[in-house]
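Chemist: Right, I'll just put the structure down here and ask away after.
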Amino acid sequence: MAPGQAAVLAAYLTTRHRRFADRAALEAWQAPRLRRALHRARTRFPAYAGVAADELSAFPVVDKDAWLDGFDGFNDRGLGLAECLAAARAEEAERRFDTRLRGVSVGLSTGTSGRQGTFLTSPAERARWAGTVLAKALPGGLRAGARVALVLRAGGPLYSAVGNGRVSFRFVDLYASPERQRAELAAFAPTVLAAPPVLLEQLAAEARAGRPACAPSAVFSIADVLDPDVAERIEEGFGVAPGQVYQATEGFLGITCAHRTLHLNEDLLVVEAEQLGDGRMVPVVTDLFRRTQAIVRYRMGDVLRPSARACACGSPLRAIDAIEGRADDVLLLARADGPPAPCFADLVRGAVLGADGVADFRLDQDAPDRLRLAVSPEASFPAASAALAGALARAGFAAPRIVAAPFSPPEATGKRRRVSRSWR
């Protein structure tokens with residue numbers, strides 16, 4: 001067995017056999033690993049040279065802009081952001097994903113949340129990622145074997161850390177033509193398919209029409225929010241309920257369990273909850289194992305809705321009812337009885353998709369009192385507009401102007417972002 005494969009197997013076995021009796025046991029397990037991670041951050045990363053103690057509260061909370069502005073201080077190779085962006089963008093333009101800078105691979109974020117960033121991974125980190133994903137995603141484990149197809153915008157060593165034996169990964173280019181994608185999926189015949197929800201929905205529609213590209217036994221939505229109506233259509237096409245992989249530049253953050261509950265990977269991360277109200281939170285994450293880049297008290301841009309119920313799987317890892325979208329895309333609307341307040345995406349989705357005839361929609365707040373609503377089919381706009389206005393009024397918001405906008409179907413290479421706020 002090659003050294004890389006041995007490292008993948010070690011990570012797989014460690015993750016597979018890691019169990020926590022309850023929340024207290026999980027936190028007791030996290031505590032020494034967190035101290036080591038914080039000590040390593042203080043001694044290895046220039047950005048934290050002035051931090052005086054190995055305590056979480058001693059470290060500042062950083063957001064994406066601060067992290068990118070100080071990029072060279074948050075990695076242990078002294079790599080600058082401009083150098084890494086240039087290398088990663090050249091990879092994407094040439095559709096080759098094998099660049100190394102000072103011994104690490106460079107990946108590129110989508111940039112949908114604003115500035116585009118990069119993530120750096122060493123061979124050891126790639127092996128840990130692969131082994132951990134296999135342990136959490138494979139229903140039958142390694143003994144049953146698996147062919148895992150990953151339909152992504154960019155490939156690279158992170159997604160090809162396993163390449164032979166019982167388990168194999170195959171990168172399928174999200175930017176390839178639909179015909180080429182279907183041909184590659186048909187030839188590979190994946191047992192596990194992971195792709196953005198827009199593409200999964202398109203493949204599911206073809207399967208319902210009798211033209212399946214593949215017949216996986218497990219399906220995972222990645223790289224975007226999975227709305228309930230989209231999940232239903234994916235399940236209808238593939239005959240299996242899609243799970244979710246919560247993966248971002250900041251790490252492997254969560255995955256759905258066998259009971260279809262999304263759990264945060266608190267055996268890899270410490271997650272602090274920045275409360276938004278109405279039971280929602282923005283996660284602030286600290287990675288317990290990453291070494292090349294510092295992910296310490298990193299404020300994510302996502303709005304999560306934690307579950308109030310314990311999952312039937314028995315895991316004490318935090319359960320999440322929904323990833324609702326970007327925190328920057330929460331609407332900010334005037335209240336009927338006071339100052340502006342946040343309006344979360346699930347209220348909008350429930351109202352508009354519940355209106356007669358609506359198949360899909362986009363909504364953008366482009367002014368303090370104006371919402372641009374695009375619906376498919378366009379003839380359903382009056383019903384959608386009335387339903388949304390009624391839902392906002394019942395929630396206590398002052399009536400905004402709701403104006404019609406042209407609807408554009410989502411592209412497989414982009415993110416759906418049904419609810420957004422361009423007004424700042």
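Chemist: Looking for something crowded, with 19+ Cβ neighbours inside 10 Å, touching a Phe, Trp or Tyr at 6+ places or on another chain (Cβ under 9 Å) and within 24 Å of Arg126 (Cβ to Cβ) - is there at least one such residue anywhere in the stretch 327-337?
Modeler: Scanning the stretch 327-337, I find no residue that is crowded, with 19+ Cβ neighbours inside 10 Å, touching a Phe, Trp or Tyr at 6+ places or on another chain (Cβ under 9 Å) and within 24 Å of Arg126 (Cβ to Cβ), so the answer is no.
Chemist: Of all residues being in contact (Cβ under 8 Å) with a residue 60 or more places away in the chain and among the aliphatic types (A, V, I, L, M) in the stretch 340-373, which is most open to solvent (accessible area, probe 1.4 Å)? Just the residue, please. Before the answer, list the steps.
Modeler: Going through the stretch 340-373, the residues in contact (Cβ under 8 Å) with a residue 60 or more places away in the chain turn out to be 342, 344-345, 348-349, 353.
Cutting the leftovers down to among the aliphatic types (A, V, I, L, M) gives us 345, 348, 353.
Values: Ala345: 14, Val348: 1, Leu353: 47 Å².
Looking at the filtered set, the residue picked out is Leu353.
Chemist: Select from the stretch 202-231 the residues that are of a type in the set (Asp, Glu) and closer than 20 Å to Ile255 by Cβ and list them in ascending order. Lay out the reasoning, then the answer.
Modeler: Within the stretch 202-231, the first condition is being of a type in the set (Asp, Glu), and the residues that meet it are 206, 224, 227, 229.
Of everything in the stretch 202-231, those that are of a type in the set (Asp, Glu) and closer than 20 Å to Ile255 by Cβ turn out to be Asp224, Asp227.
Chemist: Does at least one position in the stretch 394-403 carry a residue that is within 30 Å of Asp267 (Cβ to Cβ) and either of a type in the set (A, V, I, L, M) or in contact with a Ser or Thr (Cβ under 8 Å, 6 or more places away or on another chain) (or both)?
Modeler: Within the stretch 394-403, the first condition is being within 30 Å of Asp267 (Cβ to Cβ), and the residues that meet it are none.
No, the stretch 394-403 contains no residue that is within 30 Å of Asp267 (Cβ to Cβ) and either of a type in the set (A, V, I, L, M) or in contact with a Ser or Thr (Cβ under 8 Å, 6 or more places away or on another chain) (or both).
Chemist: Please verify whether the stretch 114-122 includes one or more residues that are more than 19 Å from the chain's Cα centre (by Cα), modelled with pLDDT of 80 or more and surrounded by 14 or more Cβ atoms within 10 Å (Cβ to Cβ).
Modeler: Going residue by residue through the stretch 114-122, those that are more than 19 Å from the chain's Cα centre (by Cα) are 122.
Those still in the list that are modelled with pLDDT of 80 or more too: 122.
If we keep only those that are surrounded by 14 or more Cβ atoms within 10 Å (Cβ to Cβ) as well, we get 122.
Checking the stretch 114-122: at least one residue is more than 19 Å from the chain's Cα centre (by Cα), modelled with pLDDT of 80 or more and surrounded by 14 or more Cβ atoms within 10 Å (Cβ to Cβ).
Chemist: So how many residues does the stretch 32-50 have that are open to solvent by 60 Å² or more (accessible area, probe 1.4 Å) and in a loop (DSSP other than H, G, I, E, B)?
Modeler: Here the count works out to 2.
Chemist: Identify, please: which residue in the stretch 235-249 is within 18 Å of the chain's Cα centre (by Cα) and within 15 Å of Ala149 (Cβ to Cβ) and is, among those, surrounded by the fewest Cβ atoms within 10 Å (Cβ to Cβ)?
Modeler: By that ranking, first place goes to Val245.
Chemist: A further question on this structure: Which one is farthest from Val61 (Cα to Cα), of the residues in the stretch 273-321 that are open to solvent by 50 Å² or more (accessible area, probe 1.4 Å) and part of a strand (DSSP E or B)?
Modeler: Asp321
Chemist: Which members of the stretch 1-31 meet the condition of being part of a helix (DSSP H, G or I), open to solvent by 40 Å² or more (accessible area, probe 1.4 Å) and not small (Gly, Ala, Ser)?
Modeler: Hits for the stretch 1-31 are Pro3, Gln5, Leu9, Leu13, Thr14, Arg16, Arg23, Glu27, Trp29.
Chemist: Are there any pairs, at least 6 apart or on different chains, whose C-beta atoms fall under 9 Å, with the first in the stretch 87-98 and closer than 15 Å to Leu152 by Cα and the second open to solvent by 80 Å² or more (accessible area, probe 1.4 Å) and hydroxyl-bearing (Ser, Thr, Tyr), and if so, which?
Modeler: Glu92/Tyr175; Arg95/Tyr175
Chemist: Still on this structure, I have one more. Any residue at all in the stretch 60-68 that is in contact (Cβ under 8 Å) with a residue 60 or more places away in the chain, of a type in the set (A, V, I, L, M, F, W, C) and open to solvent by 30 Å² or more (accessible area, probe 1.4 Å)?
Modeler: Narrowing the stretch 60-68 to residues in contact (Cβ under 8 Å) with a residue 60 or more places away in the chain: 60-64, 67.
Among the residues that remain, those that are also of a type in the set (A, V, I, L, M, F, W, C) are: 61-62, 67.
Imposing the further condition that a residue be open to solvent by 30 Å² or more (accessible area, probe 1.4 Å) reduces the set to 61.
Within the stretch 60-68, one or more residues are in contact (Cβ under 8 Å) with a residue 60 or more places away in the chain, of a type in the set (A, V, I, L, M, F, W, C) and open to solvent by 30 Å² or more (accessible area, probe 1.4 Å).
Chemist: Ok, one more. Select from the stretch 82-97 the residues that are among the hydrophobic types (A, V, I, L, M, F, W, C) and surrounded by fewer than 16 Cβ atoms within 10 Å (Cβ to Cβ) and write down the one among them that is modelled with the highest pLDDT. Working first, answer last.
Modeler: Initial filter on the stretch 82-97 (among the hydrophobic types (A, V, I, L, M, F, W, C)): 82, 84-88, 90, 93, 97.
Right, trim to surrounded by fewer than 16 Cβ atoms within 10 Å (Cβ to Cβ) and you get 82, 86, 90, 93.
Details: Ala82: 93, Ala86: 90, Ala90: 86, Ala93: 77.
Among them, the one singled out is Ala82.
Chemist: I've got another one for you. What tally of residues in the stretch 189-219 results from selecting those that are in contact (Cβ under 8 Å) with a residue 40 or more places away in the chain and open to solvent by less than 20 Å² (accessible area, probe 1.4 Å)? Can you show your working first?
Modeler: Start the filter on the stretch 189-219 by keeping residues that are in contact (Cβ under 8 Å) with a residue 40 or more places away in the chain, which leaves 189-200, 202, 214, 216-218.
The next check asks that each one be open to solvent by less than 20 Å² (accessible area, probe 1.4 Å); those that pass are 190, 192-200, 214, 216, 218.
So the answer is 13.
Chemist: List pairs: first residue in the stretch 250-270 and among the basic types (Lys, Arg), second residue surrounded by 22 or more Cβ atoms within 10 Å (Cβ to Cβ) and not in a loop (DSSP other than H, G, I, E, B) anywhere in the structure, Cβ distance under 8 angstrom, at least six positions apart or on different chains.
Modeler: Short answer, once both residue conditions are applied: Arg260/Gly243.
Chemist: Tell me, which residue of the stretch 405-420 that is under 21 Å from the mean Cα position of the chain (by Cα), open to solvent by 40 Å² or more (accessible area, probe 1.4 Å) and not polar (S, T, N, Q) is modelled with the lowest pLDDT?
Modeler: Initial filter on the stretch 405-420 (under 21 Å from the mean Cα position of the chain (by Cα)): 410-420.
Applying the additional criterion that residues be open to solvent by 40 Å² or more (accessible area, probe 1.4 Å) yields 411, 413, 415, 417.
Among the residues that remain, those that are also not polar (S, T, N, Q) are: 411, 415, 417.
Values: Glu411: 78, Lys415: 75, Arg417: 84.
Taking the candidates together, the pick is Lys415.
The values are calculated or read from the model by the stated rules, or taken from the named source; none is laboratory data. Source: prediction; values computed, not measured. Ideal geometry is used to build each Cβ from the backbone, glycine not excepted, and the neighbour counts take in all protein chains shown. Accessible surface is based on the protein model in full, side chains and every heavy atom, while ligands, DNA and RNA are left aside. Shrake-Rupley method; radii C 1.70, N 1.55, O 1.52, S 1.80 Å.
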